[in-house]
Structure formats: structure tokens, C-alpha cells
Amino acid sequence: MICKKCGSYVVDDALTCERCGTFQDAESFRLSNASGVKAMRQGRASAQVITLPPRSSEVREYGDYEPLPGYGEPIRQGASQGRRQGQSYAAASRPQEHRGVPVVAGRKTPNVKHRNKRTAPVKRSNTNWALILLILGVLVIGAAIGYVVYMNESDEGHRITARKLVLEATPEQFELAVSKDPLLLEPQEELLREWSSIPAQTYWYVGEEYLDSGDLSTAITAFTLADIMDPENYDGLLLKASAYEMLSDQKSAEELYLYLSTEVSTFRTEAYTALIRIYQDQGRRPEAADMMKLAYENTERENFRLQREDYIPESPQVNLVAGRYEISAMKEDILITSPQGYDVYYTTDDNAILPQEGLLADDGVIVPVEGNIKIRAVCVSGDLVSDPLSVSYNFFYPTPPAPKSNLAPNTYKKRYSVELRPGKVEEFTKKQQAEMEANLTYYYTIDGSTPTEESPVYDGTPIQMPPGRVTLKAICVNQYGKMSSTLEVGYKFEAPPYLNQMYGMKDNAINFDDDTFTGFQLNKTTQEEFESNFGKAKTVTETTYLQLTNQARHLDYDWGYAVFILNNNQWQLARVEMRSGFTKTPRGIQLGASADEVTAAYKDFGQVKSPNGTRGLYYDYPRVGQHLISEDGTEYIQYTAHTLESKMWVLQYWLESGRVKKIVHFYQP
């Protein structure tokens, strides 16, 4: 093919012209611009005669001559030698390959003159721009991949990303990151996904870098972001707390140290140490002491205990070790003192707060009181309070022995009087025994009840025993109010006159035949039946009855009143009070009878009056007979008993000037 620029012949497979170096589009040239001999050979109809470059001489070229004789014959050796000698031969063979300028048939080949001059070498350009562009593209892609790998895999790349995210972080983002609002879940996940594109530890490193460089605000921002991605990182949060302190934000620092010491790790010491320092710097000495104690308890580091011992007052001291002591035998009271001379506050109340609710021990003396007590005390120096002293005591007074009776328990054919004497304490000396006996008071009963300090007092006068079965019970009380155990002795005196039956009893069985009123019966007689027997009431009033919730009616009469309660849709009699006679009474005891006539009609053991004026007649619960005194000083005799239906009935005889003024009969729920 022919070079488009210089017209020189170029081999078909060459990419550039050997003369001028111009790039050759061989395929395009071949398909669209082929002409001349080559086009003719390909049989192209559009083949044109190629215009040769202008001849520079009259030298003929191959094809300008007529065929020589012997054309096609082999060239003789002489011909070959003649060419070497510059001679022309007519008989030359046609070339087997068509090279050089195409030959045009029928025309003479011009002579070609050779110039004997040196041809300058043609400069050739070997630059492959396509290859260069390809290499550049590969380098750019490789650089991009390397940058991505560097940013996503290397520590420095992570830190670059972390710095960018920290600087872009806002308080609103922090609120979103920790929000519990389900409506914000999607943007929250997107934000956390962006922040988690790098390791959480990188944010702590970046925060530390800002802290070291003095950019405290940005450091706190980085630490806050790091805490969201890596919560409860003790070391990281320590750095954040120190940043708060550098910014003089003591409140935030204290809160963070408290969080570290109570929530993140109770075993590490750094947060405790920082809190103690903050409290001391702020003059909060009690809180510093408490923190030293908490730090020692949680970490078991001796330095905290020793630090606290040197910081707070020493605990109080007592002269009496814990234990059990008889007060009457103690030679001294309890003495509480402060080793350093500070004020001492104490309490025996387990719920009291010291020293605020304690008592100041002016002279350090505490008078013991009977019972189990626990004394707590502290020493106070300004606003510092020592560790509490806690000591328990059991103080008691001596208990006297139970009294003795001079009459042994037995059955006797006649009645006897009984005397009481003190019991013997084996370990006492005669003097101690005499001192004890001199301070004893005796109380006794023969009605069957348990003696108390309100029972009859034995003053040395012999106790007259009643006929029948009787039980003597006695106690004694010393000067300290300590009561002895109970002496209990049973006797049987088979001698008349025998005692009457208890209220509601007959032949030792429940029987109210002699103890009911004529015309009515409690818990049975209805209002209709009562009014039928005793007439219509003057007035009827709705009321209540004792602690019952049942409806009640109060019926007034000239002789007194009656109370009915609604039970099972019936108005049943519950109480009657008679101030004048209108029916027959139990055992014939009418209004105006004396107190002795009343007690003589029922069982009476003959027990004497107690110091408060009352007297027990008999006691076999629920069957009880008593001579009592009301709150207003009025005397009355009362008997109680159970019916067969397990109802408690009460019969009272109210006295005025020793005579029965009214009789009350009622049901006791």
C-alpha cells in the first residue's frame, strides 16, 4: 500500500511508514482506497491508475522496455557477470514477485538514475499511546482500590474516618443514637450503621488524641460517640471524666466517676480515688469518708481503710463489755468515752440515725435499764463522724422464788386456814435471803383466777379456805417489780355448808332453769312475742347493738327498755334492762336486794377484796362471777355463762348504797 502522507510504498502488514513514520490504517486503506496493480489483482472495477511521483530523471524503470529476445529463458552466467560490469542485457527473466513500483503493460520503463549520495536516516517514533493510556487507567483503578483498602483496613485510615465522623457529630445525633422511640428506629439504625463502619476502639483513640492536643470539647464529643458504640469501657470513660475535670465541669465528672464505681466496675480503684479527691477538694469530708469506706469494702484495698482511719475520729469506747448483767449487783453504770475527747452521741433505738437522732452523753454515763438493749454510739468532730460502736447487753433484776404454803395439798374433813412464806434461794447467804424477803409483796387468789398485782394482798393474815374444792394460787413481787412464778395448790375440804351452783349451772351441767326471767329468753323471744307478754313499747328507736352490724331496735317501757336485733329476718331479744319489777327474776333476786343476798344466791369462794375494791367470786371461764366497780365508781355484781348454743349471756346486778338498783340481762356477741 502507499503512504498517504509521503506516497512511499509501505508493506501491507506494516503499521507505520518506514519513511515518514505516519500511522497506517491498513485495513481501511485496503478496503476503500486500494488501487493500481493491487486493485487490478483483486478485480476491483474502481481500480485507477496510480499516479506515480514525478520522475526526477530520464532513467527508465522496469516495464518501459520491449520484451527482449529469449524472454523466459534462463539467464546465462555471462549476463550475470555483465550486470556486475554495468552492462544491460535484453534477455532477463520476469520477476516472480511484484515488488516496488507496479508495472504498467505497454509502456516503457524509464531509466532510473542512481545518485551517489548518502541518504539521511528517517526518524521513527515507537510511542504506543494506547498502551500508555491503558497503563494509566490501570494505575488509577489500582490507586482507588488502594485508597479504599487503606481507609477501610488500616488503623490510620480508620482514625481519619473517625475524626471526620466526630467533627460532624451533633447533640441531636447523640440523642437519636440512644433514643428508645420506636418511631425513630429506622434513622437510628442508619446512623449507627454509619458510625459502626470502623471499630469502636478507634473513637477512643481519636478522643485521646484530641485530649492530648488540648481540644477538650472535641475529645468529649469523641468519647461520647465511643461510649455509644462501646458502652461501659472503664478506661475510656476515665479519660472522659478527666476531660470534664479539665473543663472544670466537676458535676459531670463526679457523676461519671460514680457511674464507673457503682455500675461499670466496683472492683477497680481509679474512680474511688478520683471521687475521694473531688470530695476533699470541695470540703465534703463526710462524703469522702463514706467513699473511703465503700472503696475498701468493694476493693479490699488496705490503703483505703488506712486512709479512712487517719481521716475520721476514732470510735467510742465503753467500760463494760457486752454480756448479761444483774442490775442490782452492778457496781458502776455504763461509761462511754471518746479516745480523742470528741463529743459522743448514743442511742438504744435500732432505727435511730446517728448522730442526728442520738443523745449527747454529757458525762458519758448511761444508766442501765432492764431488758435486752443494744447501745450504738459515735464520736463527732465537726462534720466528721466515727464508725459506730455497737454493744449489746442483757440487764435484769433478780426474780424472787415462788412463795410456799404451810398446808400441803390434800383432802381434809374440815376447813383450814393457809399461810404463805417466801421461797428459799440456795445460793443466797442468810443476809441476802433476809434482804430479799424484806422486799417481797404477796398476791393470791382462791376463786380460780390467776393472781396479779390487782389480786388480794397477803398481809400475813391466814387465808380462810372455803368448803369444797378450792385452788390456792399465789405470787410474790420484789422491790424491782419482778414477779415470781405462781404457786398453785389444790385442796378439798369436805365440810358444810357447801357452796351454791354457778350462774347457768346445775349439778355441774349447763342449765338455765333457775336463771331465766319469766316471759322472755335471750336470742329466742321475738319482738311480737315480747310485746304480746309485756305490752306495746312507748317508743321504738332504730339503733345499733354493741359491735354487731345487724339492724337493732330500742323499745322503751316504764319499767326500763328492751333491745332487739334482726337475725334471720326475725327481731330477736338481745338485751333487757329493768329498773322496776315487771316479771320474775333469776333465783328470786329482786330489785332492792343487798349485795350479800345476791352473792349468797350464787357460788362464792369468799375471797377478800383486792386493793382496787373488786372481788372475785368464782372463776371457771366462761363461767365467771365478780364483784366489780365501774368507771364512774358504781358497784355491780356480774355473772357470765355459755348456753348450749354457745351464746354468752351476762347477768348484772347494779348496786346503789349496797342495794340492787337495776338488773341487766344481755347477750354478749
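The values are calculated or read from the model by the stated rules, or taken from the named source; none is laboratory data. Model, not experiment: these values are computed from the prediction. Note: ideal-geometry Cβ built from the backbone for every residue, glycine included; neighbour counts use all protein chains shown. Surface areas here come from the heavy atoms of the whole protein model, side chains and all, with no ligands, DNA or RNA. Shrake-Rupley method; radii C 1.70, N 1.55, O 1.52, S 1.80 Å.
Restricting to the range 262-276, and then to whatever is assigned to a helix (DSSP H, G or I) and β-branched (V, I, T), can you tell me which residue is surrounded by the most Cβ atoms within 10 Å (Cβ to Cβ)? Taking the candidates together, the pick is I276. Consider the range 164-181 and keep the residues that are closer than 13 Å to A226 by Cα and of a type in the set (V, I, T). The one that is farthest from the chain's Cα centre (by Cα) is V166.
Quick grid of which residues meet (1) open to solvent by 50 Å² or more (accessible area, probe 1.4 Å); (2) within 30 Å of the chain's Cα centre (by Cα):
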{"residue": "S154", "(1), (2)": "no, no"}
{"residue": "A162", "(1), (2)": "no, no"}
{"residue": "L183", "(1), (2)": "yes, yes"}
{"residue": "S196", "(1), (2)": "yes, no"}
{"residue": "P199", "(1), (2)": "yes, no"}
{"residue": "L216", "(1), (2)": "no, no"}
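Taking the criterion of being without any contact (Cβ under 8 Å) to a residue 40 or more places away in the chain, over 20 Å from D513 (Cβ atoms) and open to solvent by 70 Å² or more (accessible area, probe 1.4 Å), the residues of the range 630-669 that qualify are E631, D632, E656, S657.
The range 488-591 holds strands (runs of 3 or more DSSP E) entirely within its bounds, and those carrying 1 or more residues that are over 60 Å from the mean Cα position of the chain (by Cα), surrounded by fewer than 18 Cβ atoms within 10 Å (Cβ to Cβ) and acidic (D, E) map to 552-556, 570-578. Each residue in the range 267-291 was checked for being more than 24 Å from the chain's Cα centre (by Cα) and aliphatic (A, V, I, L, M), and 5 pass. Contact annotation: residue pairs with Cβ atoms under 7 Å, 6 or more positions apart or on different chains, pairing a residue in the range 242-270 that is of a type in the set (D, E) with a partner that is surrounded by 15 or more Cβ atoms within 10 Å (Cβ to Cβ), are E245/A253; E254/L275; E254/I278; E270/L238. When the test is whether a residue is outside any loop (DSSP other than H, G, I, E, B), open to solvent by less than 70 Å² (accessible area, probe 1.4 Å), within 16 Å of G448 (Cα to Cα) and not β-branched (V, I, T), Y618 passes it. Among the residues of the range 344-364, what is the count of those that are outside any loop (DSSP other than H, G, I, E, B) and surrounded by 13 or more Cβ atoms within 10 Å (Cβ to Cβ)? Number satisfying all stated conditions: 5. Would you please name the residue that is modelled with the lowest pLDDT, looking only at residues in the range 413-460 that are more than 16 Å from M483 (Cβ to Cβ), open to solvent by 40 Å² or more (accessible area, probe 1.4 Å) and not in a loop (DSSP other than H, G, I, E, B)? Taking the candidates together, the pick is Q432.
For the range 295-333, a residue qualifies if it is open to solvent by 60 Å² or more (accessible area, probe 1.4 Å) and within 25 Å of the chain's Cα centre (by Cα), and the qualifying residues are Y296, E297, E300. For L136, the test of being among the aliphatic types (A, V, I, L, M) and either under 15 Å from M229 (Cβ atoms) or in contact with a helix residue (DSSP H, G or I) (Cβ under 8 Å, 6 or more places away or on another chain) (or both) is failed. When the test is whether a residue is under 60 Å from the mean Cα position of the chain (by Cα) and basic (K, R), K647 passes it.
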